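S.K.: Quick one: this structure, given as structure tokens, is what I'll be asking you about.
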Amino acid sequence: MTQETDLDALIRQRIRGLRVARGLSLDALAARCFLSPSTLSRIETGNRRIALDQLVPIARALGSTLDQLIEAPDDEDVVIRPRRDRRRGSTTWLLSRDRGTGGPTVAKMLFTPVRRSGPPELGVHPGRDWFTVLSGTVRLHLGERTILVQAGESAEFSTMVPHAIEAQDGPTEIITILDHDGERAHLQHDAAHES
């Protein structure tokens, strides 16, 4: 099959899948998007060519968008690849997909102890950070304080306080939620030092 035919088949599957998931019959969806049930059936089964002017009302009637219906499949939509920052001893998996919306970013992070001379580099940015420790122990530096956060515990703090997160004795995993400023400060910093 050609790439165009593959995408056409995927669009048809998405339409039928969304219709079924929403509990809509062919008649109900057809009425919502001003098509006849037979036309909609032929679109879903591949017996009728899909026209762009039909996709917009179908997407709207399914509570979706045209972009979501016609989006080409890509492994990047499925596989979450780690980003490593060896200097800071961190690996990050971005769990949020819609990062351009300005909403919070959810990430899993793995910290390993790093050797360095002197204290860690503390960062400051507007907002608040939140994390929960999945395994290991986090050494959270907040200004002059150092707080140990154990597995199963969470921390939330103002990021206007100079801060850094490190592994205490061995590998440490966290799940973190960052606002837009936190994402820019922590995750784009990681990408700049990725190696």
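The values are calculated or read from the model by the stated rules, or taken from the named source; none is laboratory data. Here the structure is a predicted model, which means the values were calculated and not measured. Every residue, glycine among them, receives a Cβ derived from its backbone with ideal geometry; neighbour counts consider all protein chains shown.
S.K.: Going through the stretch 15-44 one residue at a time, which ones are charged (D, E, K, R), modelled with pLDDT of 90 or more and either touching a Lys or Arg at 6+ places or on another chain (Cβ under 6 Å) or closer than 19 Å to Asp67 by Cβ (or both)?
M.R.: Arg16, Arg19, Arg42, Glu44
S.K.: Could you please find all residues in the stretch 114-140 being surrounded by 15 or more Cβ atoms within 10 Å (Cβ to Cβ) and modelled with pLDDT of 90 or more?
M.R.: Within the stretch 114-140, Trp130, Phe131, Thr132, Val133, Gly136, Thr137, Val138, Arg139, Leu140 meet the criteria.
S.K.: If I filter the stretch 123-132 for residues that are more than 23 Å from the chain's Cα centre (by Cα) and at negative phi, do I get at least one hit?
M.R.: Yes, because at least one residue in the stretch 123-132 is more than 23 Å from the chain's Cα centre (by Cα) and at negative phi.
S.K.: Now for a different question. Is it the case, given these coordinates, that Ser90 is among the small types (Gly, Ala, Ser), surrounded by 15 or more Cβ atoms within 10 Å (Cβ to Cβ) and either at pLDDT 90 or above or in contact with a strand residue (DSSP E or B) (Cβ under 8 Å, 6 or more places away or on another chain) (or both)?
M.R.: So Ser90 passes the test.
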